[in-house]
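One structure is given here, and the rest of the page talks about it.
The values are calculated or read from the model by the stated rules, or taken from the named source; none is laboratory data. Being a predicted model, the structure only gives us computed values, none of them experimental. With ideal geometry, Cβ positions are generated from the backbone for all residues, glycine too; neighbour counts draw on all protein chains shown. Please note that ligands, DNA and RNA were not included when accessible areas were found on the heavy atoms of the full protein model with its side chains. Shrake-Rupley method; radii C 1.70, N 1.55, O 1.52, S 1.80 Å.
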Amino acid sequence: MFFKKKRKRLPNKKSLYSASEIDAVQVVKVYDGDTIRVRFKNDKEERVRFLLVDTPETSHPRKGVEPYGEEAKLFTRYMINQSRVVELGYDAEKRDHYGRLLAYVYVDRKLLQEELAKKGLARVSYTRNRNPDMVRKMKEAEQIAKSKGKGIWSNKTYVGRSGYHPEKMNWIERTYKLLRGKVLRVVLDSFV
């Protein structure tokens with residue numbers, strides 16, 4: 001006998017930050033853990049950079065692939081693919097110096113940045129001139145991952161104030177983390 005999966009009700013939209021400025025979007029592409037391309041209802045497409053987080057790189061021209069970059073990208077893709085609705089919320093500053101749209105990304109009304117931080121796949125960053133309540137919420141999520149030594153926090157030398165430092169990891173651990181992400185991507189891509 002087959003059972004229908006009970007659909008949970010989404011949280012009230014008014015509980016989202018800046019509820020008057022929430023846009024429902026369709027995700028077209030996931031570039032990496034903190035950057036996506038979306039399509040708005042008017043068919044306009046935009047590249048979106050997640051506010052308040054920085055994930056390891058997966059395709060940076062100079063840095064290449066960093067440990068945990070693939071995992072962050074796969075987690076972002078998974079959360080988006082599993083959600084019924086993806087919404088963007090905004091802060092005072094709407095664009096970065098590259099012209100990308102800056103947004104809080106909600107999947108089924110859960111803040112995706114917070115989920116990345118809790119899993120240890122992102123560090124809290126770019127907090128200047130941001131909503132203090134959102135910064136506090138993100139730092140609490142990051143602290144959960146730090147205290148448990150999850151993901152990027154499993155190696156104390158990997159994450160610094162200026163970003164990620166794979167060169168400070170020993171070569172065995174760095175190689176293992178990079179290969180683990182690539183194997184995970186191959187395995188998961190074979191199921192899709």
Original post:
Quick one: in the range 109-129, which of the residues that are polar (S, T, N, Q), at pLDDT below 95 and farther than 23 Å from Leu178 by Cβ is least open to solvent (accessible area, probe 1.4 Å)?
Top reply: Thr127
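Just wondering, is there one or more residues in the range 172-191 that are in a loop (DSSP other than H, G, I, E, B) and either closer than 16 Å to Lys63 by Cα or modelled with pLDDT under 85 (or both)? Spell out the reasoning first.
Within the range 172-191, the first condition is being in a loop (DSSP other than H, G, I, E, B), and the residues that meet it are none.
Checked against the condition, which is being in a loop (DSSP other than H, G, I, E, B) and either closer than 16 Å to Lys63 by Cα or modelled with pLDDT under 85 (or both), the range 172-191 yields no hits at all.
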Original post:
Does at least one position in the range 78-90 carry a residue that is basic (Lys, Arg), more than 22 Å from Arg62 (Cβ to Cβ), touching a residue at least 24 places away in the same chain (Cβ under 8 Å) and in contact with a Leu (Cβ under 7 Å, 6 or more places away or on another chain)?
Top reply: no
Original post:
Taking interchain pairs and intrachain pairs at least six residues apart, which have beta carbon atoms under 6 angstrom, with the first residue in the range 143-159 and small (Gly, Ala, Ser) and the second open to solvent by less than 30 Å² (accessible area, probe 1.4 Å)?
Top reply: Ala145/Gly120; Gly151/Tyr68; Gly151/Gly120; Gly151/Leu121
Original post:
For the range 42-80, what are the residues that are closer than 16 Å to Met138 by Cβ and open to solvent by less than 10 Å² (accessible area, probe 1.4 Å)?
Top reply: Phe50, Leu51, Leu52, Val53, Thr55, Ala72, Thr76
**OP:** Give the range 148-163 a look and list any residue that's open to solvent by 90 Å² or more (accessible area, probe 1.4 Å) and assigned to a helix (DSSP H, G or I), or say none.
**Re:** Lys148
Original post:
When you look at Lys8, is it at pLDDT 70 or above and assigned to a loop (DSSP other than H, G, I, E, B), yes or no?
Top reply: no
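Quick one: which residue in Pro166, Pro132 is of a type outside the set (D, E, K, R) and surrounded by fewer than 17 Cβ atoms within 10 Å (Cβ to Cβ)? So that I can check it myself, show each step before the final result.
On the way: Pro166 fails: surrounded by fewer than 17 Cβ atoms within 10 Å (Cβ to Cβ).
The match here is Pro132.
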Original post:
Looking at Lys44, is it more than 25 Å from Thr58 (Cβ to Cβ), more than 21 Å from the chain's Cα centre (by Cα) and modelled with pLDDT of 95 or more?
Top reply: yes
